[in-house]
Amino acid sequence: MRTDSFDYYLPEELIAQEPLRDRDASRLLVLERRSGQVEHRRFADILNYLTPRDALVLNDTRVIPARLTGVRAKSGGAVEVLLLRRRGKDSYEALVRPGRRLKCGAEVIFGGGRLKCRVTAELPEGLRCLEFEYDGVFEEVLDELGEAPLPPYIRKKLADRQRYQTVYAREEGSAAAPTAGLHFTPELLQKIAASGVALVYLTLHVGLGTFRPVKVTDIRKHKMHSEFYRVPPAAADTLNRCKESGGRIVAVGTTSCRVLETVADGDGRISPGSGWTDIFIYPGHRFRGVDALLTNFHLPKSTLLMLVSALAGRENILNAYREAVQERYRFFSFGDAMLII
């Protein structure tokens with residue numbers, strides 16, 4: 001299965017550069033996966049597609065200000081660091097630029113010395129292990145010096161860092177937001193819960209696995225980077241009761257979807273627990289835990305586009321994307337949403 005089979009044309013002006021003023025003001029493209037039929041709605045209309053027996057599954061991860069800019073201690077050369085995974089109290093796995101300049105033992109200074117780090121290991125795929133030195137509480141120092149790690153296709157500076165967080169974010173650890181959840185407001189979530197839909201929270205800390213590009217021709221040779229997940233026992237119980245009652249499990253975002261497909265057994269039963277997942281979902285995957293998916297519009301040739309193609313069919317997805325382009329939907333992290341049912 002070729003990577004270029006998941007390509008599509010997207011005018012650059014349709015890449016959303018900032019969030020809308022109101023989170024739930026975005027548009028919603030509804031795709032019926034069996035027929036391929038498309039409807040154009042507003043995001044608040046999602047209530048019309050949920051029933052009291054359904055469960056809406058949300059990823060409660062919180063984005064840390066994971067992008068740091070500093071200088072090399074010896075030369076003063078500029079350095080950019082993206083924190084990906086905590087390995088210990090003061091140790092992180094990170095992407096660094098320029099990687100060729102940051103070998104084992106190299107030291108980097110941030111904020112005029114407020115924070116320092118040393119490269120303690122060179123890891124596969126250009127990653128580095130960094131050991132940090134600081135005074136005080138690391139999270140407070142990071143909040144002072146770090147920036148929201150916006151994707152490279154967003155060139156406009158974000159005025160309010162909270163707009164790159166979901167309103168229910170609470171478990172710190174992500175290097176990127178689970179963007180399908182950015183559309184929800186507390187009021188909309190209250191309406192959904194009042195309608196009888198169960199709101200279920202799990203955690204996946206978004207890291208390199210979610211946004212690493214596919215560089216191989218045959219997608220089956222692509223390897224995902226592992227990301228940490230947690231499914232609380234109460235969440236698993238609620239989801240299993242939902243299944244038993246004939247309801248649907250509606251995943252909010254590809255991150256929630258990947259967790260559910262990691263922990264579901266062959267009968268679709270959800271197991272609680274925590275660990276690391278490197279699951280790669282592409283056409284041919286048999287979904288066990290997920291019945292419907294709320295998601296944003298994804299980059300061409302990305303693993304996320306492959307995931308939604310696995311659920312709805314590649315032709316249905318590409319046809320829906322062509323219609324979204326024609327209808328001038330907003331794409332990617334701050335863009336509009338798609339509901340696959």
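The values are calculated or read from the model by the stated rules, or taken from the named source; none is laboratory data. Since the model is a prediction, treat every value here as computed from it, not as a measurement. Glycine gets a Cβ as well: all are built from the backbone with ideal geometry, and neighbour counts include every protein chain shown.
What strands (runs of 3 or more DSSP E) lie completely within segment 1-118 and have 3 or more residues being within 24 Å of the chain's Cα centre (by Cα), farther than 30 Å from ALA310 by Cα and of a type outside the set (A, V, I, L, M, F, W, C)?
The strands (runs of 3 or more DSSP E) meeting that bar are 78-88, 91-97.
Of the residues that sit in segment 74-85 and are out of contact with any His (no Cβ under 9 Å at 6 or more places or on another chain) and surrounded by 16 or more Cβ atoms within 10 Å (Cβ to Cβ), which one is farthest from ARG258 (Cα to Cα)?
First pass over segment 74-85, keeping only residues out of contact with any His (no Cβ under 9 Å at 6 or more places or on another chain): 74-83.
Retained after the next criterion (residues that are surrounded by 16 or more Cβ atoms within 10 Å (Cβ to Cβ)): 79, 81-83.
Values: VAL79: 33, VAL81: 26, LEU82: 23, LEU83: 22 Å.
The residue in question is VAL79.
For segment 129-150, the set of residues classified as touching a strand residue (DSSP E or B) at 6+ places or on another chain (Cβ under 7 Å) and not in a strand (DSSP E or B) consists of PHE138, VAL141, LEU145, GLY146, ALA148, PRO149, listed by residue number. Filtered by the rule that a residue be assigned to a helix (DSSP H, G or I) and in contact with a strand residue (DSSP E or B) (Cβ under 9 Å, 6 or more places away or on another chain), segment 322-334 gives GLU323, ALA324, VAL325. Summed over segment 155-182, the residues that are more than 15 Å from the chain's Cα centre (by Cα) and over 22 Å from LEU294 (Cα atoms) give a count of 7. Here is a check on your reading of the model: is ARG220 of a type in the set (D, E, K, R) and touching a residue at least 60 places away in the same chain (Cβ under 8 Å)? Yes: the conditions hold for ARG220. In segment 18-68, the qualifying residues are those that are closer than 22 Å to ALA169 by Cα and polar (S, T, N, Q), and the one that is surrounded by the most Cβ atoms within 10 Å (Cβ to Cβ) is THR61. The residues on offer are THR185, THR262, and the sole one that is touching a Ser or Thr at 6+ places or on another chain (Cβ under 8 Å), of a type in the set (Val, Ile, Thr) and touching a residue at least 12 places away in the same chain (Cβ under 8 Å) is THR262. Within the set PRO98, PRO151, PRO124, the sole residue that is free of Cβ contacts under 8 Å to residues at least 24 places away in the same chain, over 14 Å from THR69 (Cα atoms) and either not assigned by TED's automatic domain parsing to the domain that holds GLU13 or not charged (D, E, K, R) (or both) turns out to be PRO124.
Pairs meeting the criteria (first residue in segment 273-293 and touching a residue at least 24 places away in the same chain (Cβ under 8 Å) and within 29 Å of ARG86 (Cβ to Cβ), second residue among the basic types (Lys, Arg) and assigned to a strand (DSSP E or B), beta carbons under 9 Å, at least 6 apart or on different chains) are GLY273/ARG230; SER274/ARG230; GLY275/ARG230.
How about segment 249-276: which of its residues are closer than 16 Å to ALA176 by Cβ and in contact with a Lys or Arg (Cβ under 9 Å, 6 or more places away or on another chain)? Once the filter is applied, which keeps residues that are closer than 16 Å to ALA176 by Cβ and in contact with a Lys or Arg (Cβ under 9 Å, 6 or more places away or on another chain), segment 249-276 yields only VAL259.
For segment 152-166, name all the residues that are loosely packed, with under 15 Cβ neighbours inside 10 Å and in a loop (DSSP other than H, G, I, E, B).
Of all residues in segment 152-166, those loosely packed, with under 15 Cβ neighbours inside 10 Å come to 152-153, 155-157, 159-162.
Those that are loosely packed, with under 15 Cβ neighbours inside 10 Å and in a loop (DSSP other than H, G, I, E, B): PRO152, TYR153, ARG155, LYS156, LYS157, ALA159, ASP160.
Picking from residues in segment 17-63 that are touching a residue at least 60 places away in the same chain (Cβ under 8 Å) and of a type in the set (Ser, Thr, Tyr), the one that is farthest from PRO151 (Cα to Cα) is THR51.
Residues in segment 291-298: is at least one over 26 Å from ALA324 (Cβ atoms) and crowded, with 17+ Cβ neighbours inside 10 Å? No, segment 291-298 contains no residue that is over 26 Å from ALA324 (Cβ atoms) and crowded, with 17+ Cβ neighbours inside 10 Å.
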